[in-house]
Amino acid sequence: MRILALEFSSRVRSVAAWDSGCADARPPRVARESEARATPVFSLIETALREAGLKREDIERLAVGLGPGSATGTRAAIAVAQGWCLARGVTVAGFNSLDVLAAGLHAAGQRGRVDLACDAQRGEWHVAGYELEPAGPRLCEPLRLASRDEMAARIRAGRVVLGPDLTAALPGARDAFPEAAVLARLAAQAAAAHAPGTLAPIHLRAPSFVKAAAVSHPAH
């Protein structure tokens, strides 16, 4: 299966292109960006495709990191995937970005209990607990919101806390980022795809909006 994976939920945004059925078993080819304020979506896509020796029309499945994390980034990835599906009729699969991070840590050799977190703003973090067992990651604490005090208490208790850009905000935590290459591998293993219209960013706090008062204009 020829897969294009988009993981934009953190500051380190990445795109991976991979032919999972390629006889020479080459790993996914990845393009990354971590400095620009705006995500150069199509530049990253073209770079990853070129490195993998693939064209846009070769892609059979889109994989998307749904967060939690950057709402702007995840919405951009979802919009690209939905448009691609409408134009070319490919399948699409969405994944929790902390699941992607857990799978990447496992592939890198990390084992044992880890708490994975990302900034949810307003002094809170999205956090989930995983047991990285020899057979693979196992979710042992469902995703929820945690306060700064709770996160600090976890670190003081010796828990391994990892996630995007945590070291500056949570002393004792370590930085780790979900990767599109891992996302591509998860998509190749997924038996079922999602309806493009059902994809949505994962964010536990409901958005709140204050509607501006109507402005009346004097009659002329």
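When the strands (runs of 3 or more DSSP E) confined to region 1-86 are screened for residues that are open to solvent by 70 Å² or more (accessible area, probe 1.4 Å) and either without any contact (Cβ under 8 Å) to a residue 40 or more places away in the chain or closer than 30 Å to residue 120 by Cβ (or both), those reaching at least 1 such residues are found at 29-33.
Yes/no matrix, rows are residues, columns are (1) over 14 Å from residue 100 (Cα atoms); (2) at pLDDT below 90; (3) of a type in the set (A, V, I, L, M, F, W, C):
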| site | (1), (2), (3) |
| --- | --- |
| 142 | yes, no, no |
| 145 | yes, no, yes |
| 149 | yes, no, no |
| 155 | yes, no, yes |
| 168 | yes, no, yes |
| 174 | yes, no, no |
| 195 | yes, yes, yes |
| 200 | yes, no, yes |
| 206 | yes, yes, yes |
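For residue 182, the criteria (1) buried (at least 22 other Cβ atoms within 10 Å of the Cβ); (2) in contact with a helix residue (DSSP H, G or I) (Cβ under 6 Å, 6 or more places away or on another chain); (3) in a strand (DSSP E or B) hold in every case but one, which is (3). Among the residues of region 135-175, the ones that are over 20 Å from the mean Cα position of the chain (by Cα) and among the hydroxyl-bearing types (Ser, Thr, Tyr) come to 1 in all. Among the conditions (1) more than 12 Å from the chain's Cα centre (by Cα); (2) surrounded by 15 or more Cβ atoms within 10 Å (Cβ to Cβ); (3) touching a residue at least 60 places away in the same chain (Cβ under 8 Å), the only one that residue 99 does not satisfy is (1). Out of the residues in region 102-146 that are open to solvent by less than 10 Å² (accessible area, probe 1.4 Å) and touching a Phe, Trp or Tyr at 6+ places or on another chain (Cβ under 7 Å), state the one that is farthest from residue 63 (Cα to Cα). Going through the qualifying residues, I end up with 146.
The values are calculated or read from the model by the stated rules, or taken from the named source; none is laboratory data. This structure is a prediction, so every number in the text was calculated from the model and none was measured. Note that we place each Cβ from the backbone using ideal geometry, even for glycine, and neighbour counts take in every protein chain shown. With ligands, DNA and RNA removed, areas are computed over all heavy atoms of the protein, side chains included. Shrake-Rupley method; radii C 1.70, N 1.55, O 1.52, S 1.80 Å.
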